[in-house]
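J.: My structure is below; once you've seen it, I'll send some questions.
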Amino acid sequence: MILDSLRTILAGKQLLREEIPFELVDSPFISKRSGIEFDKKGRAHCNRCGNSDPELFAVFPCARCGKRDTYCRACIMMGRVSECTPQYGWIGDMPEIVAAPLKWSDSLSAGQQVASDRVVEAIVRGEELLVWAVCGAGKTELLFKGIEVALATGKRVCIATPRTDVVLELTPRLKSVFPSIKVSSLYGGADDRHQFSPLTITTIHQLLRFYQAFDVMVVDEVDAFPYSVDPMLQFAVKNARKESSSMIYLTATPSLKWQRECRKGKREFVTIPARFHRRALPVPESVWCGNWEKVINKGRLPAKLLKWIEQRLLAGTPMLVFVPNVAWITKLLPLLQTFDGRVESVHAEDPNRKEKVLKMRQGEILLLVTTTILERGVTFPGLEVAVLGAENRIFTESALVQIAGRVGRDIDSPTGNVTFFHNGKTEAMLKARKQIVAMNIEAKEKGLIDE
Ligand SMILES: [Zn+2]
Ligand SMILES: [Zn+2]
């Protein structure tokens, strides 16, 4: 009995002793891997998170072994891994994965169907595939068929994402289309971590507790911070996959390196160039507004931006105005609030962020001044967006494509204005526009938009 429970908890994992809520029994099926190893030159390496940066190790007097132990600081938020800390896993038979019929009666758009077929193919063959789907294409549904096929062939599936919000959004959707299986949802503070499930939806951080677990790994928003810049998270994904497994990446905005690899035929990819509602993506306009910083510092609003905002306040159009950083929110917000009470702001550290987004959705707020924190994941019907200071380097090509991607998502208001207010066009602005135009052309050629 106890061995059954241990199997459920340990299968495909690498856990510290304190993460196992049972007595450990002696069993040939329970494996132990050391947490910290040293190479010939005496350099430490953390087996859990892949860290080998000497600066990210420290020494402490260990109560368990009585020695001075080296421990890893890089993954300390998941509990301390030190020299004498083994990571427990399971090397016996794995719990069985059984077929789970997909319960979903809607249909895929033509673009989604093409991508869905490719996903199935990649899963059957154990290959890697990038799904490059424009913002608003509907990328969750195109995974459904692939997941069904994977489960039917005894494959364990994981969907990993950099953001907790996405885990919370995906979990109920996948539970509803696969009602016959347990779907695990993992993020900081979630309590599903002791179950074994054929389908796991998780933040990438939580993958640090997995080891060679998954036959199919889907990484959503592969270009998003912090995954794109954090080697630990990339290691976690690699470590959590089985050696022979398939890998599906989803993104609306692949990095320049990946875009190049796609063009040169060095990366398997499929595009969904059109949204499910079959209307073209809004193409951003650029409006030069001179030295806007100086104008605002004098306590005035740049005239062209003011006009853009006034027209929309009159029409009752909800707006997001993106600025380069919090300092500009502080300066811009009081200027805007003097002539309309329906203006608010949000940024990463704002404790009322969720409430304000909700108020915006309910129409109580008409304009939110924001940092790039709202570049992804938010949908407001009828929204239009402006970027002030679009020349700032925080507005990368992908940030600008994501920002433009907030507009026209709703089937009832599938178009809308996107304006980049700037003091000199940048490469990123030009490339973002080019990427959007190219997707529209491709969509038209493939008959995926009506116009
Ligand atoms: Zn570590
Ligand atoms: Zn020790």
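The values are calculated or read from the model by the stated rules, or taken from the named source; none is laboratory data. Bear in mind the structure is a predicted one, so any value in this text is a computation, not a measurement. We place every Cβ from the backbone using ideal geometry, glycine too, and count neighbours over all the protein chains shown. Ligands, DNA and RNA are excluded from the accessible area calculation, which covers all protein heavy atoms including side chains. Shrake-Rupley method; radii C 1.70, N 1.55, O 1.52, S 1.80 Å.
J.: Confirm whether GLU268 is farther than 30 Å from THR338 by Cα and free of Cβ contacts under 8 Å to residues at least 12 places away in the same chain. Break it down stepwise before answering.
T.: Details: farther than 30 Å from THR338 by Cα: yes; free of Cβ contacts under 8 Å to residues at least 12 places away in the same chain: no.
In short, no.
J.: Something else now. Restricted to region 223-255, and to residues that are touching an Asp or Glu at 6+ places or on another chain (Cβ under 7 Å) and open to solvent by 20 Å² or more (accessible area, probe 1.4 Å), which residue is farthest from LEU143 (Cα to Cα)?
T.: From region 223-255, those touching an Asp or Glu at 6+ places or on another chain (Cβ under 7 Å) are 242, 245-247, 250-251, 253-255; that's our starting set.
Among the residues that remain, those that are also open to solvent by 20 Å² or more (accessible area, probe 1.4 Å) are: 242, 255.
Numbers: LYS242: 20, SER255: 22 Å.
Checking each candidate, the answer is SER255.
J.: Still on this structure, please answer the following. Could you check region 48-83 and list, in sequence order, the residues that are within 16 Å of ligand 2 (Cβ to nearest atom), touching a residue at least 40 places away in the same chain (Cβ under 8 Å) and either surrounded by 19 or more Cβ atoms within 10 Å (Cβ to Cβ) or over 20 Å from LEU233 (Cβ atoms) (or both)?
T.: ARG48, VAL81, SER82, GLU83
J.: Give me the residue from region 340-355 that is touching a residue at least 24 places away in the same chain (Cβ under 8 Å) and farther than 22 Å from LEU400 by Cα and, out of that set, surrounded by the most Cβ atoms within 10 Å (Cβ to Cβ).
T.: Filtering region 340-355 down to residues touching a residue at least 24 places away in the same chain (Cβ under 8 Å) leaves 340, 342-348.
Remaining after also requiring farther than 22 Å from LEU400 by Cα: 340, 342-343.
On the way: ASP340: 13, ARG342: 18, VAL343: 22.
Among those residues, the one meeting the criterion is VAL343.
J.: Would you mind finding the one in GLY79, GLY92 that is modelled with pLDDT under 95, touching a Phe, Trp or Tyr at 6+ places or on another chain (Cβ under 7 Å) and not basic (Lys, Arg)? Give the steps one after another, and end with the answer.
T.: On the way: GLY79 fails: touching a Phe, Trp or Tyr at 6+ places or on another chain (Cβ under 7 Å).
Result of the check over GLY79, GLY92: GLY92.
J.: Would you mind listing the strands (runs of 3 or more DSSP E) fully within region 231-332 where at least 3 residues are of a type in the set (A, V, I, L, M, F, W, C) and touching a Leu at 6+ places or on another chain (Cβ under 9 Å)?
T.: Numbers: elements: 241-251, 269-272, 285-288, 319-322.
The strands (runs of 3 or more DSSP E) meeting that bar are 241-251, 269-272, 319-322.
J.: Something else: Which of the residues that make up region 319-342 are farther than 20 Å from ALA390 by Cβ and not basic (Lys, Arg)? Let's see the steps before the verdict.
T.: Going through region 319-342, the residues farther than 20 Å from ALA390 by Cβ turn out to be 334, 337-342.
Within region 319-342, PRO334, GLN337, THR338, PHE339, ASP340, GLY341 qualify.
J.: Which pairs turn up if I take residues in region 203-221 that are in the same structural domain as ARG156 (by TED's automatic domain parsing) and look for partners that are open to solvent by 10 Å² or more (accessible area, probe 1.4 Å) and of a type in the set (Asp, Glu) with beta carbon separation below 7 Å, at least 6 apart in sequence or on another chain?
T.: Between residues of region 203-221 that are in the same structural domain as ARG156 (by TED's automatic domain parsing) and residues that are open to solvent by 10 Å² or more (accessible area, probe 1.4 Å) and of a type in the set (Asp, Glu), the close pairs are GLN212/GLU243.
J.: Criterion first (within 16 Å of ligand 2 (Cβ to nearest atom), open to solvent by 30 Å² or more (accessible area, probe 1.4 Å) and among the aromatic types (Phe, Trp, Tyr)) does PHE29 satisfy it?
T.: Details: within 16 Å of ligand 2 (Cβ to nearest atom): no; open to solvent by 30 Å² or more (accessible area, probe 1.4 Å): yes; among the aromatic types (Phe, Trp, Tyr): yes.
Judged against the criteria, PHE29 is not a match.
Okay, residues lined up against (1) of a type in the set (A, V, I, L, M, F, W, C); (2) under 31 Å from the mean Cα position of the chain (by Cα):
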| site | (1), (2) |
| --- | --- |
| LEU10 | yes, yes |
| GLU19 | no, yes |
| ASP26 | no, no |
| PHE29 | yes, no |
| LYS32 | no, no |
| ARG43 | no, no |
| ARG48 | no, yes |
| CYS65 | yes, no |
| VAL81 | yes, yes |
